[in-house]
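Right, one structure below, let's go through it.
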């Protein structure tokens, strides 16, 4: 039992003593998947998210604060949960601005209805045309490698992933992936644009004129990447996924 790498439970239940034993052996080289409908609702363990892969079909026992402690996880799945839209928005803001790589891929079930515009408001975003998908960029940090952040949603789930420069890969279409990788440079420009737009709101008239001129130059540079604006939203047309 001490040398295992993957532990998966499908259906049925698990004794609390066994569950604690597994948690005690958590490490960044091990994966734990719990695909059952009922997880002990009051369960707590400091190692619950210290596996490489942390997959819980029933995540109603998970507190949003647990996610703030993620460090270099590869995979996190949280099925049924009790997170509010506001909690998810706050967590995303924390993740975007974190100076470390918290996780590579995460899927969260929606406990209440929302769309990407509800939870990503305030971020510099690049939307993909005709898709419920967008990207942003984390601030530069010497201690964070995966700065390109990808968001996608369905009616019932939110998916987030983080990528180092030039490494984006959806796993479904190389043409699609290459289109994204070629446009990564525009994310830095969109971040500058967002910052200038905020500065302009509180600037004096002279500064507003200067900022406006710079924004025009930025828009021209942004459009050179093939990006266009739809109702003020930076948008990119990409190949259809096969």
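Derivation of every value follows stated rules applied to the coordinates shown; laboratory data play no part. Keep in mind the model is a prediction, meaning the values are calculated, not measured. Note: ideal-geometry Cβ built from the backbone for every residue, glycine included; neighbour counts use all protein chains shown.
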statement: Rounded to the nearest 0.05, FRET efficiency between residue 167 and residue 143 (Cβ-Cβ, R0 22 Å) equals 0.80
task: Determine the relative contact order of the range 1-73: mean sequence separation of Cα pairs under 8 Å and six or more apart, normalised by residue count, in whole percent.
output: 31
- line: Rounded to the nearest 10, the angle in degrees between the Cα long axis of helix 85-97 and the longest principal axis of the Cα atoms of the chain comes to 70
field: Tilt relative to the chain, helix 185-202 - C-alpha long axis, 0 to 90 degrees, to 10
entry: 70
query: What value, in deg cm²/dmol to 500, does the helix sum -39500 (n - 2.57) over DSSP H runs of n ≥ 4 give at 222 nm once divided by the residues of the chain?
result: -9500 deg cm²/dmol
- prompt: What's the center-to-center distance, using Cα atoms, between the range 50-115 and the range 134-191 in Å?
  reply: 17
- prompt: Relative to the first principal axis of the alpha-carbon coordinates of the chain, what is the inclination of helix 205-223, with its axis defined by its Cα atoms, in degrees from 0 to 90 and to the nearest 10?
  reply: 70
Relative contact order of the chain, defined on C-alpha pairs under 8 angstrom at six or more residues apart (%): 13
message: Rounded to the nearest 5, what % of DSSP beta bridges with both residues in the range 6-184 are antiparallel?
response: 50
- request: Starting from the Cα-Cα distance between residue 6 and residue 195, subtract it from 0.36 nm times their residue separation and give me the gain in nm to one decimal.
  value: 63.6 nm
field: Three-way shape label, the range 104-242, alpha-carbon gyration tensor, a/c 1.5
entry: prolate
- prompt: Rg and Dmax of the chain over Cα atoms: what are they, in angstrom?
  reply: 20.3, 70
message: Could you work out the relative contact order of the range 82-220? I mean the mean sequence separation of Cα pairs under 8 Å and 6+ apart, divided by the number of residues, in percent.
response: 21
query: Going out from 0 in 10 Å bins, what whole percent of all Cα-Cα distances in the range 1-132 drops into each bin?
result: 11, 41, 32, 13, 3
field: Residue order, fewest to most surrounding Cβ atoms within 10 angstrom, among 75, 130
entry: 130, 75
